[in-house]
Amino acid sequence: MEVENGPGWEIVIGLEIHVELLTRSKVFCSCATGFGGEPNTRVCPVCLGLPGSLPVLNAKALEYAVKTGLALNCEIASFSKFDRKNYFYPDLPKAYQISQYDLPLCRHGYLEIEAGGVRRRIGITRVHLEEETGKSLHAGTSIVDSPFTLLDYNRAGIPLVEIVTEPDIRSPEEARVFLEELKRVVEFAGVSDVKMEEGSLRCDANISVRPRGASRLGTKTEVKNMNSFRAVQRALEYEAARQIATLRAGGRVVQETRHWDDAAGVTRGMRSKEQAQDYRYFPEPDLVPIVLSPEQIEQWRRELPELPAARRERLAREYGLPAYDAAILTASKKLADFFEEAARAFPDPKMVSNWVMGELLRLLKAENKELDQVPLQPSDLVGLLSLVRDGVISGATAKEVFEEMFHTGDPAASIVDRRGLRQISDEGALREIVRRAMAANPDAVQSYRQGKEKALGALVGAVMKETRGKANPQLVNRLLLEALREAKP
């Protein structure tokens, strides 16, 4: 199903994003937060909700939650509180979640994005702090068809921020772009590792459609189980098309929660959508309210590192890079740091940028790896580019060397020496090889003299063949042109 691109319908999307904070311990107890581990080993009476246990707020979680709000241009509340969100679900051991309802930490923010060549500001309704739930391990292919479910409570109690947008997003593409930019902002702020594959960044979407020009919102559905940025866009494209087709056929969109089936490419109904009153919110009696001074908020604001938009501008200005390069290099903080460390040590930042965006990203994508999962260091790239600049190896050879460096972390010079890849740059030796190549290819020499410049390529090829590709190609070209001029009748 495809979304209609004509003037008939408008898509309205709001996102609810959960981000696990990068603290060493859980939000209300001292249990470790590391990913993985044997199921149900990183738990205690507090995060299991056993009788008599009392929560104590993790100060670092509070700091990171506020910094998230500041990075998203939010107003920070001087007074906020925790609430109990009551619902019965197996991954919630207490049968309630400690969250925030009417007095969240952060409100009225925004994030600017660019999609389809258009720059837009997406409103952030709120950012609040809460605890993570346990993890449900379904025996079937999805929650819909599982005969049974296993539960791991290691994740229960990890600090979360929930980020809720205004219904300002107008296309599935914008939703994907927003999430990608949000991921960058949160990562650069240093508050989360935002690894979607590990569940530290998750997104649910509320989507509705309405006749274009209408002011009243249509009936929305909530879409869950979108585990990648691509899945978010695909799921919302399908759901928008489904709703439009339903309304066109005279049907009615039902307010419900729907599950995205990535393999089938469809959303499936799960349950009716809850309203806020269904959760029976009330103030959490075991935690005192949060009171923040203006001085504390400003201190955390000053501690925020350079965020993606500012870094993009600085990379373009400081290193003379095109805006396109700066945007690619700031796709992640690790990538931006890698580039800058290399660019500070090498006199040609654009050359560094080309190799990072080209060979480095190509290999990372091909092997589905993150930058910190490979041994290659910025200094290794600098060493390789220095060999290319000094004419020790050709660009083509450098790509071979780079791939070995990527896998082994060995310095470029040692790989070049071990494999005998150094270019022949001895002019005297190359002049003699050029003379032999011309003598062995008189037809190519004659063609070049008759104005057929492509014949030069055959002569270069002959030299490269004799040197097994080790001749310096720039030097070979120069020497050949000199010899052809001198040999003219």
message: Here is a list: Glu284, Glu313, Glu318. Which entry is touching a strand residue (DSSP E or B) at 6+ places or on another chain (Cβ under 6 Å), farther than 20 Å from Lys67 by Cβ and not aromatic (Phe, Trp, Tyr)?
response: Glu284
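When residues of segment 362-411 are filtered for being of a type in the set (Lys, Arg) and either assigned by TED's automatic domain parsing to the domain that holds Gln474 or farther than 19 Å from Lys470 by Cβ (or both), how many remain? Steps first, answer last, please.
Step one: list which residues in segment 362-411 are of a type in the set (Lys, Arg), which gives 362, 365, 369, 389, 399.
Subset that is either assigned by TED's automatic domain parsing to the domain that holds Gln474 or farther than 19 Å from Lys470 by Cβ (or both): 362, 365, 369.
Adding up the residues that qualify gives 3.
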- prompt: Looking only at segment 24-36, which residues are surrounded by 20 or more Cβ atoms within 10 Å (Cβ to Cβ) and of a type outside the set (A, V, I, L, M, F, W, C)?
  reply: Lys26, Thr33
query: So which residues in segment 403-423 are loosely packed, with under 15 Cβ neighbours inside 10 Å and among the polar types (S, T, N, Q)?
result: Thr408, Ser414
Criterion (assigned by TED's automatic domain parsing to the domain that holds Val191, in a loop (DSSP other than H, G, I, E, B) and loosely packed, with under 14 Cβ neighbours inside 10 Å) met by exactly one of Pro45, Pro39, Pro55: Pro45
- request: Inspect all residues belonging to segment 59-73 and state whether any of them is out of contact with any Lys or Arg (no Cβ under 7 Å at 6 or more places or on another chain), part of a loop (DSSP other than H, G, I, E, B) and at pLDDT 95 or above.
  value: yes
statement: Cβ pairs under 7 Å, 6+ apart or interchain, first in segment 321-349 and without any contact (Cβ under 8 Å) to a residue 24 or more places away in the chain and not assigned by TED's automatic domain parsing to the domain that holds Ser386, second surrounded by 16 or more Cβ atoms within 10 Å (Cβ to Cβ) and in a loop (DSSP other than H, G, I, E, B), ordered by first then second residue, are none
- prompt: Which of the residues spanning segment 160-205 are over 18 Å from Ala310 (Cα atoms), acidic (Asp, Glu) and not in a loop (DSSP other than H, G, I, E, B)?
  reply: Glu162, Glu173, Glu174, Glu197, Glu198, Asp204
Residue that is modelled with the highest pLDDT [pool: residues in segment 461-484 that are over 21 Å from Arg449 (Cα atoms) and of a type in the set (D, E, K, R)]: Lys465
Extreme residue, surrounded by the most Cβ atoms within 10 Å (Cβ to Cβ), among residues of segment 377-402 that are part of a loop (DSSP other than H, G, I, E, B) and at pLDDT below 95: Ile393
task: Please specify each residue of segment 121-146 satisfying the condition of being modelled with pLDDT of 95 or more and of a type outside the set (S, T, N, Q).
output: Arg121, Ile122, Gly123, Ile124, Arg126, Val127, His128, Leu129, Glu130, Glu131, Glu132
- prompt: What pairs can you find where one residue is in segment 463-476 and outside any helix (DSSP H, G or I), the other is surrounded by fewer than 15 Cβ atoms within 10 Å (Cβ to Cβ) and small (Gly, Ala, Ser), and their Cβ atoms are less than 6 Å apart, with a gap of 6+ or different chains?
  reply: Asn472/Gly391
field: Selection status of Glu132, farther than 19 Å from Ala235 by Cβ, in contact (Cβ under 8 Å) with a residue 60 or more places away in the chain, buried (at least 22 other Cβ atoms within 10 Å of the Cβ) and within 23 Å of the chain's Cα centre (by Cα)
entry: yes
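Out of the residues in segment 319-336 that are of a type outside the set (Phe, Trp, Tyr) and exposed (fewer than 14 other Cβ atoms within 10 Å of the Cβ), state the one that is nearest to Leu376 (Cα to Cα).
Among those residues, the one meeting the criterion is Lys334.
Conditions (1) under 17 Å from His18 (Cα atoms); (2) surrounded by fewer than 22 Cβ atoms within 10 Å (Cβ to Cβ), marked per residue:
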{"position": "Lys195", "(1), (2)": "yes, yes"}
{"position": "Glu198", "(1), (2)": "yes, yes"}
{"position": "Asn206", "(1), (2)": "yes, yes"}
{"position": "Asn225", "(1), (2)": "yes, yes"}
{"position": "Ser228", "(1), (2)": "yes, yes"}
{"position": "Val232", "(1), (2)": "yes, no"}
{"position": "Ala235", "(1), (2)": "no, no"}
{"position": "Glu239", "(1), (2)": "no, no"}
{"position": "Arg248", "(1), (2)": "no, yes"}
Options Ser379, Ser447, Ser425, Ser394: the member that is of a type in the set (Ser, Thr, Tyr), touching a helix residue (DSSP H, G or I) at 6+ places or on another chain (Cβ under 8 Å) and within 22 Å of Arg344 (Cβ to Cβ): Ser379
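The values are calculated or read from the model by the stated rules, or taken from the named source; none is laboratory data. Note that this is a predicted model, so its numbers are computed, not measured. Neighbour counts are summed over all protein chains in view; Cβ atoms, including those assigned to glycine, are modelled from backbone coordinates with ideal geometry.
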